[in-house]
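Report on one structure; see the data block that follows.
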Amino acid sequence: ITHSAALIKELRKYDFKNQVILTDMQNSTFLKGYTNASILVQAKYELPEIRELTRDLVLQLFRAPQKEFVEFCARNKVNYLLVHMPVITTPLNIPYSYRYMADCKELIPGTAAFALVGGSRLISNFYEVDLPKNISRVYGYRLFYFASPQDVAKANKLADKALELYYLGCLLRHNSYTRKIRFCKHYKQASSLCYRNLYFICGCYRLDNF
């Protein structure tokens, strides 16, 4: 109860309206009730579609290559991934644990579960959100912003355009005062492209040049 209350207090700082959060069944229940987030799986296991989604989540997390997990998240329009680390680390011999359901005695290299416990780097479509230490280290929660491959491609395109404007501005800056005014115009365009568009499309895209 204590860790759930601390997590809810922290997550209420974010605007999750119309945002889909992917997490385990237990955490989905209170997220739905206290943060106005949309959830993908839930504890209503009597519904066939919920059982299928839960099965897919377990298999994609523990047995599929990370790229397939990304496709699963993109297909289900996920915006955030909330991981409670005990869901990953609870061993196979505990009945009805996620590893029990996945028949996964040892975490498999190349999977998202393996990456989450530090076995490798989580694929670049997931960008970790900094949570307070008592939530991340003590209670074992990790929150990730998910950017679909389409979002990443769009952000990269915008980044290229912003850099193009930036370097154009650098060339103009060394000329006359009139051109310096033009430089300021391009500089603002570049900054606007980066911080207004890139930052909100993919939370980790920051161009420190500006």
Against the definition (open to solvent by less than 10 Å² (accessible area, probe 1.4 Å), touching a Cys at 6+ places or on another chain (Cβ under 7 Å) and farther than 25 Å from residue 134 by Cα), how does residue 69 come out, yes or no?
no
Counting only residues that are open to solvent by less than 10 Å² (accessible area, probe 1.4 Å) and assigned to a loop (DSSP other than H, G, I, E, B), how many does segment 82-96 have?
0
Name the residue that is farthest from residue 98 (Cα to Cα), counting only residues in segment 53-81 that are touching a residue at least 60 places away in the same chain (Cβ under 8 Å) and part of a helix (DSSP H, G or I).
74
Please go through segment 123-156 and pick out each residue that is surrounded by 14 or more Cβ atoms within 10 Å (Cβ to Cβ) and charged (D, E, K, R).
128, 142, 151, 154
Residues located in segment 136-151, provided they are within 17 Å of the chain's Cα centre (by Cα), within 21 Å of residue 89 (Cα to Cα) and in contact (Cβ under 8 Å) with a residue 24 or more places away in the chain:
140, 141, 142, 143, 144
Can you tell me how many residues in segment 1-44 are assigned to a loop (DSSP other than H, G, I, E, B) and either open to solvent by 30 Å² or more (accessible area, probe 1.4 Å) or among the polar types (S, T, N, Q) (or both)?
14
Would segment 152-166 turn up any residue that is in contact (Cβ under 8 Å) with a residue 60 or more places away in the chain and either farther than 30 Å from residue 5 by Cα or not in a strand (DSSP E or B) (or both)?
no
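The values are calculated or read from the model by the stated rules, or taken from the named source; none is laboratory data. Keep in mind it's a predicted model, so treat the numbers as computed, not measured. Don't worry about glycine lacking a Cβ; one is built from the backbone with ideal geometry, like all the others, and counts go over all protein chains shown. Only protein heavy atoms, including side chains, enter the accessible area calculation; ligands, DNA and RNA are left aside. Shrake-Rupley method; radii C 1.70, N 1.55, O 1.52, S 1.80 Å.
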